[in-house]
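Chemist: One structure coming up, written as structure tokens, with questions to follow.
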Amino acid sequence: MPSPKYTALANITLGSTTSTVTFGSIPSTYRDLYIVIDALGSGGADDVVMQINGDTTYSNYIRTLITGNGTSPDWASYSGANANTVKLTYYGSVISAERANIQVHVLDYSATNKHKTYLARANRAGSGVDANVSRWVNTSAITSVLLKPAGSSFATGSTFTLYGVK
Amino acid sequence: MAAKELITTVTVGAGGAASIDFTSIPQTYTDLVLVLSGRTSRPSTAFGDTVNIAFNGSTASFSNRLLEGNGSSAYSEIGTRAIGYLPAGVATANTFGSISLTIPNYAGSANKSYSVDSVHENNASSGISDIIAGLWSSSAAITSISLTSNTGYNFVQHSTASLYGFNKGSDGVTTVA
């Protein structure tokens, strides 16, 4: 069986403090998407938000996570009109003092017969480690992904890379 | 240039190996991904063995936070260089654990934040799964990676580790701003 093939679609390294990063016009020719984020925040610890196709309605997302902060394990699940449904991080948040990295796998993103499930691993050694599973309750193909800290900005030097996987 | 390329694979031969090393890592990729299938020779009284990582021959300036589950309980701890737990000793024969390590911007001048997923299974009688957030607080580009057993034992024959490079790029269609 052949190995999955990755194709680089887009990337950006921030040259200044930036509130949002959006991958747009994503072609529907791949099976999955893979996003790599290596980032600093602009201030205190802040969760990273991901919105799909401009959908800002919290109840259109469902999220479950496990997390550890070096002292205690924890878990959470969010649905409905809850701002936490659109987040990718818990302890693996971004902050100005330390780099964090997040990998997101969006499965079958171009399908039009299923909701979109995505897996996110968020990591910040000075805070904690998260594993998320989320679902966008929509059968539309994903054509854009917006990433932003919930209440602050990404700092200069943060990098964002998008790959298509077949 | 392909988005994902195999840089090299290390396979442990007869007699085992005290370390698994990747040296002279090309500086031309964006991110590195290391995948390991391994087991150590820690004696028969032990269930498993922790694997430690070093960059550029340095064991300093590492920090991590770990979340672990074993099927009946979970815990979280603060550590330094651990990247996972492999079968050893009394673990079921022919059973190897798996570790996947991702290092974004390994060749850059910022500190290196990395991500680890590790699983250790023992024929359904026990098992351990870890996720780890790591940081190497160094501005040096990573040119070598060394993996060792925390207890000083060897990786056994048939342990393998592959290092992949990911290349960022653009397809000319997708936008980013």
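Chemist: Using the charge dipole of the protein assembly as shown (Lys, Arg: +1 at Cβ; Asp, Glu: -1 at Cβ; taken about the Cα centre), state which of A:ALA120, A:ILE142, A:VAL36 has its Cα farthest towards the positive end.
Modeler: Of the listed residues, the answer is A:ILE142.
Chemist: For peptide A:126-134, how many partner chain Cβ atoms fall within 10 Å of a residue's Cβ, on average?
Modeler: Other-chain Cβ atoms within 10 Å of each residue's Cβ, averaged: 4.
Chemist: At what distance in angstrom do the alpha carbon centres of the stretch B:106-177 and the stretch A:44-73 lie from each other?
Modeler: 24 Å
Chemist: If you take each beta carbon of peptide B:76-82 and count the beta carbons of other chains within 10 angstrom, what is the mean?
Modeler: Mean partner-chain Cβ count within 10 Å for B:76-82: 4.
Chemist: Shielding by partners for A:153-165, please: the mean number of other protein chain Cβ atoms within 10 Å of each residue's Cβ.
Modeler: For peptide A:153-165, the averaged partner shielding equals 3.
Chemist: Another one. What is the stretch A:1-103 by shape, rounded, prolate or oblate, if you read a ≥ b ≥ c off the alpha carbon gyration tensor as root eigenvalues and call it rounded for a/c under 1.5, prolate for a/b larger than b/c, and oblate otherwise?
Modeler: Here the stretch A:1-103 falls in the rounded category.
Chemist: Now for a separate question. With each pseudo-label sitting 7 Å past Cα toward Cβ, what's the B:THR92-A:VAL133 distance in nm, one decimal?
Modeler: So the label points at B:THR92 and A:VAL133 sit 2.2 nm apart.
Chemist: Please report, to one decimal in angstroms, the Kirkwood hydrodynamic radius of the stretch B:133-176 built from all distinct Cα-Cα pairs.
Modeler: When all Cα pairs of the stretch B:133-176 are included, the Kirkwood radius is 15.3 Å.
Chemist: On to the next question. Label the stretch A:96-153 by shape, choosing from rounded, prolate and oblate, from the square roots a ≥ b ≥ c of the eigenvalues of the Cα gyration tensor; if a/c is under 1.5 it is rounded, and otherwise prolate applies when a/b is larger than b/c, oblate when it is not.
Modeler: prolate
Chemist: With springs connecting C-alpha atoms under 10 Å apart, model chain B as a Gaussian network and identify which of B:SER146, B:SER162, B:SER24 has the largest mean-square fluctuation.
Modeler: Of B:SER146, B:SER162, B:SER24, the Gaussian network model singles out B:SER24 as fluctuating most.
Chemist: Apply the a/c threshold of 1.5 to the C-alpha gyration tensor of the stretch B:21-177 and tell me whether it is rounded, prolate or oblate.
Modeler: Working: a/c = 1.87, a/b = 1.72, b/c = 1.09.
Judged from the Cα gyration tensor, the stretch B:21-177 comes out prolate (a/c at least 1.5, a/b above b/c).
Chemist: May I ask you to list the lysines whose Cα is less than 24 Å away from that of A:LYS5, ignoring any residue fewer than eight positions away on the same chain?
Modeler: A:LYS114, A:LYS116, A:LYS166, B:LYS4, B:LYS168
Chemist: Also: If I histogram all Cα-Cα distances within the stretch B:1-113 using bins 10 Å wide from 0, what percent of pairs lands in each bin?
Modeler: 11, 38, 35, 15, 1
Chemist: I would also like to ask the following. Return the whole-Å distance between the Cα centroid of the stretch A:141-160 and the Cα centroid of the stretch B:7-40.
Modeler: 33 Å
Chemist: Over the stretch B:45-177, what relative contact order in percent results from Cα pairs under 8 Å that are six or more residues apart?
Modeler: Normalised by residue count, the contact order of the stretch B:45-177 is 29 percent.
Chemist: To the nearest 20 Debye, how big is the dipole of the protein assembly as shown about its Cα centre, given +1 on the beta carbon of each Lys and Arg and -1 on that of each Asp and Glu?
Modeler: Dipole size: approximately 360 debye.
Chemist: Taking a label point 7 Å from the Cα of A:THR17 along the Cα→Cβ vector, which residues of the stretch A:40-66 have an amide N closer than 19 Å to it?
Modeler: Those under the cut-off are A:40-49.
Chemist: Treat the stretch A:18-166 as a sphere of radius equal to its Kirkwood radius over Cα pairs and apply Stokes-Einstein at 25 °C in a medium of 0.890 mPa s; give the translational diffusion coefficient in µm²/s, rounded to a whole number.
Modeler: Numbers: Rh = 15.2 Å.
Once the numbers are plugged in, D ends up at 161 µm²/s.
Chemist: If you place +1 on the Cβ of every Lys and Arg, -1 on the Cβ of every Asp and Glu, and leave all else neutral, what size is the dipole of chain B about its Cα centre, to the nearest 20 Debye? Before the final figure, lay out each step's value.
Modeler: Numbers: 7 positive and 10 negative charges, 41 e Å.
The dipole magnitude comes to about 200 debye.
Chemist: Taking chain A as a Gaussian network, Cα atoms linked when under 10 Å apart, which of A:SER79, A:SER25, A:SER140 shows the biggest mean-square fluctuation?
Modeler: Highest fluctuation of the listed residues: A:SER25.
Chemist: Counting only C-alpha contacts under 8 Å and six or more residues apart, can you give the relative contact order of the stretch A:1-83 as a whole percent?
Modeler: Numbers: 38 pairs, mean separation 15.6, N = 83.
Contact order relative to length: 19 percent.
Chemist: Starting from the Cα gyration tensor of the protein assembly as shown, multiply each eigenvalue by 5, take the square root, and state the resulting semi-axes largest first in whole Å.
Modeler: 32, 22, 20
Chemist: Report the gain in length on full extension from B:ASN123 to B:GLN27: 0.36 nm times residue separation, minus Cα-Cα distance, nm rounded to one decimal.
Modeler: 30.6 nm
All of the numbers you see were taken from the coordinates with simple rules; none came from a lab. Model, not experiment: these values are computed from the prediction. Note that each Cβ is placed from the backbone with ideal geometry, even for glycine, and that neighbours are counted across all protein chains shown.
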